[in-house]
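*Asks:* This is the structure I have questions about; it appears just below.
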Amino acid sequence: MSRIGKNPVTVPVAVTLTQSGQDVTVKGAKGELSFTLPDAVTGKLEGAEFTVSPVEGNKNAKAMWGMARTMVANMIEGVSNGFKKELQLKGVGYRAQMKGSTLSMQLGFSHDVEYAAPDGITINAPKPTQVIIEGIDKQQVGQVAAEIRSYRKPEPYKGKGVRYLGEYVRMKEGKKK
């Protein structure tokens with residue numbers, strides 16, 4: 001029994017959720033998102049609550065049950081509040097700045113690293129060592145943050161690189177003479 005899946009998703013007043021078959025569309029103040037429920041689960045909208053239930057009792061249906069409920073809950077959260085990830089750059093000379101809608105970063109390479117923001121994502125660099133990624137799709141915000149971080153992951157000896165805000169990097173001891 002899925003503990004997450006059996007909880008209903010409350011739809012706020014400012015958000016409209018429509019369902020046609022397996023397609024669920026959520027509209028809110030920040031935008032519109034849609035998701036197709038897997039065939040193993042069904043969704044039902046009753047008043048201001050959306051519930052997801054499995055079609056069968058097999059393992060796949062139970063796995064999809066919690067995932068489908070979480071996807072709908074994330075869509076509602078995204079169109080009403082949005083999602084945000086913060087990255088920080090650590091290292092001498094590491095800095096980021098916006099050039100239009102493109103993020104330009106100096107990460108210790110011989111060239112600047114340019115990253116163009118995809119549709120639906122806004123990237124800001126309020127400080128030279130801070131990057132803020134915002135959007136309504138949780139998966140897309142996380143993917144963009146992971147792609148930017150992958151240009152220079154934090155290394156374990158000096159801790160230099162791009163890291164999530166508050167990320168702990170376990171440091172190693174250097175060579176002994």
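We did not get these values from a lab; they are worked out from the coordinates using the rules stated. Given the structure is predicted, the values throughout are model-derived calculations rather than measurements. Using ideal geometry, Cβ is built from the backbone for each residue, glycine included, and neighbour counts are taken over all protein chains shown.
*Asks:* Return yes or no: is G93 over 26 Å from A29 (Cβ atoms), touching a residue at least 40 places away in the same chain (Cβ under 8 Å) and in a loop (DSSP other than H, G, I, E, B)?
*Replies:* So G93 fails the test.
*Asks:* Tell me, which residue of segment 119-137 that is among the hydrophobic types (A, V, I, L, M, F, W, C) and assigned to a loop (DSSP other than H, G, I, E, B) is farthest from K99 (Cα to Cα)?
*Replies:* Here the residue is I136.
*Asks:* Name the pairs whose Cβ atoms lie under 8 Å apart, with the first residue in segment 104-116 and farther than 15 Å from A145 by Cα, the second surrounded by 10 or more Cβ atoms within 10 Å (Cβ to Cβ) and among the hydrophobic types (A, V, I, L, M, F, W, C), and 6 or more positions between them or separate chains?
*Replies:* Correct list of pairs: Q106/A96; Q106/V113; L107/L89; L107/V113; L107/V162; D112/M105.
*Asks:* Give the residue that is farthest from M71 (Cα to Cα), with candidates limited to residues of segment 120-164 that are of a type in the set (A, V, I, L, M, F, W, C) and in contact with a helix residue (DSSP H, G or I) (Cβ under 8 Å, 6 or more places away or on another chain).
*Replies:* Here the answer is V162.
Here's the yes/no breakdown for (1) more than 18 Å from K138 (Cα to Cα); (2) surrounded by 14 or more Cβ atoms within 10 Å (Cβ to Cβ); (3) not hydroxyl-bearing (S, T, Y):
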site: P8; (1), (2), (3): yes, yes, yes
site: A14; (1), (2), (3): yes, no, yes
site: L17; (1), (2), (3): no, yes, yes
site: P54; (1), (2), (3): yes, yes, yes
site: A68; (1), (2), (3): no, yes, yes
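*Asks:* Which condition from (1) touching a Phe, Trp or Tyr at 6+ places or on another chain (Cβ under 9 Å); (2) of a type in the set (V, I, T); (3) closer than 30 Å to V131 by Cα is the one that T25 breaks?
*Replies:* Tallying (1) touching a Phe, Trp or Tyr at 6+ places or on another chain (Cβ under 9 Å); (2) of a type in the set (V, I, T); (3) closer than 30 Å to V131 by Cα, T25 fails exactly one: (3).
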